[in-house]
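For reference, the structure is listed below as structure tokens.
The values are calculated or read from the model by the stated rules, or taken from the named source; none is laboratory data. No experiment lies behind these values; they were computed from the predicted model shown. Here the Cβ is made from the backbone with ideal geometry for all residues, glycine too, and neighbour counts use every protein chain on show. What goes into the accessible areas is simple: the full protein's heavy atoms, side chains included, and nothing from ligands, DNA or RNA. Shrake-Rupley method; radii C 1.70, N 1.55, O 1.52, S 1.80 Å.
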Amino acid sequence: MRLRVLCAALLLLVVIPAPASASPGLWKLTDLAAQRVQIADKVAAAKFGTPSPIDDPVREQQILDSMAAKAPGLGLDADGVVRFFRDQIEANKVVQRGLYARWTEHPDTRPPGRPDLATEVRPVIDRLNAGLLAELGTTRDARTRRSCDVRLAVTVRLVDARRGLDRLHSVALGESVRSACSRA
């Protein structure tokens, strides 16, 4: 059943051309979310074996407050933006916890170095967050359509395959965009 739905959705996306007035697709939003999921590896590498916990409520709230403050300028609902970025943060923590478990069980798979969170990792996250916020604005019409859930599911699978995500990152990607479609 799922395969038939997926095939039908692919057919819908590939065979039926979108009208010129159609809103942009969800590809860039999903790809940016995938990049944000992948940067979790560096966050985990920076924190693993240090007193820094995976959960960082102060940093998380700074991100949520910043994105919510910028939302109205893009014609976006601040609550919806907070929900979307909370999903980004939680997906990132899914990857971190998964990598911690892997590295604890298999110490030989630990990363060789520890990137600096403040100078190497957070600037990348900030850039990705800005891109994600901009894409939320760009894709507003596509995200409110009834077909959004199906189109997003197909796009997630395509981005997942293109990036060659492992199971951990694939699950996190799905979690990271779960609130992208809105009917508001």
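Based on what the data block shows, is Val150 within 18 Å of Gln96 (Cα to Cα), surrounded by fewer than 19 Cβ atoms within 10 Å (Cβ to Cβ) and either touching a residue at least 12 places away in the same chain (Cβ under 8 Å) or more than 15 Å from the chain's Cα centre (by Cα) (or both)? Criteria not met by Val150. Only a single item in (1) hydrophobic (A, V, I, L, M, F, W, C); (2) open to solvent by 60 Å² or more (accessible area, probe 1.4 Å); (3) within 18 Å of Ala91 (Cα to Cα) is not met by Leu158, and it is number (3).
When segment 124-147 is filtered for residues that are open to solvent by less than 50 Å² (accessible area, probe 1.4 Å) and either β-branched (Val, Ile, Thr) or on the phi > 0 side of the Ramachandran plot (or both), the ones remaining, listed by number, are Val124, Ile125, Thr139. Within segment 131-154, identify whether any single residue is among the small types (Gly, Ala, Ser), within 25 Å of Ser52 (Cα to Cα) and part of a helix (DSSP H, G or I), and answer yes or no. The answer is no; no qualifying residue exists.
Restricting attention to segment 87-112, the residues being touching an Asp or Glu at 6+ places or on another chain (Cβ under 8 Å) and either open to solvent by 60 Å² or more (accessible area, probe 1.4 Å) or within 30 Å of Ala180 (Cα to Cα) (or both) number 8.
Scan Ala91, Ala142, Ala101, Ala118 and give me the residue that is under 16 Å from the mean Cα position of the chain (by Cα) and not polar (S, T, N, Q).
Details: Ala142 fails: under 16 Å from the mean Cα position of the chain (by Cα); Ala101 fails: under 16 Å from the mean Cα position of the chain (by Cα); Ala118 fails: under 16 Å from the mean Cα position of the chain (by Cα).
Testing whether each residue is under 16 Å from the mean Cα position of the chain (by Cα) and not polar (S, T, N, Q) leaves just Ala91.
Cβ-Cβ under 9 Å, sequence separation 6+ or interchain: first residue in segment 97-120 and more than 18 Å from Pro51 (Cα to Cα) and among the hydroxyl-bearing types (Ser, Thr, Tyr), partner at pLDDT 95 or above and surrounded by 10 or more Cβ atoms within 10 Å (Cβ to Cβ). Which pairs? From residues that are more than 18 Å from Pro51 (Cα to Cα) and among the hydroxyl-bearing types (Ser, Thr, Tyr), the pairs are Thr109/Leu99; Thr109/Arg102; Thr109/Trp103. Those residues that are over 19 Å from Leu133 (Cβ atoms), of a type in the set (Phe, Trp, Tyr) and touching a Ser or Thr at 6+ places or on another chain (Cβ under 7 Å), I need them from segment 77-121; list them, please. Trp103, the sole residue that qualifies.
Yes or no: Asp65 of a type in the set (D, E, K, R), open to solvent by 70 Å² or more (accessible area, probe 1.4 Å) and part of a helix (DSSP H, G or I)?
Details: of a type in the set (D, E, K, R): yes; open to solvent by 70 Å² or more (accessible area, probe 1.4 Å): yes; part of a helix (DSSP H, G or I): yes.
Yes: the conditions hold for Asp65.
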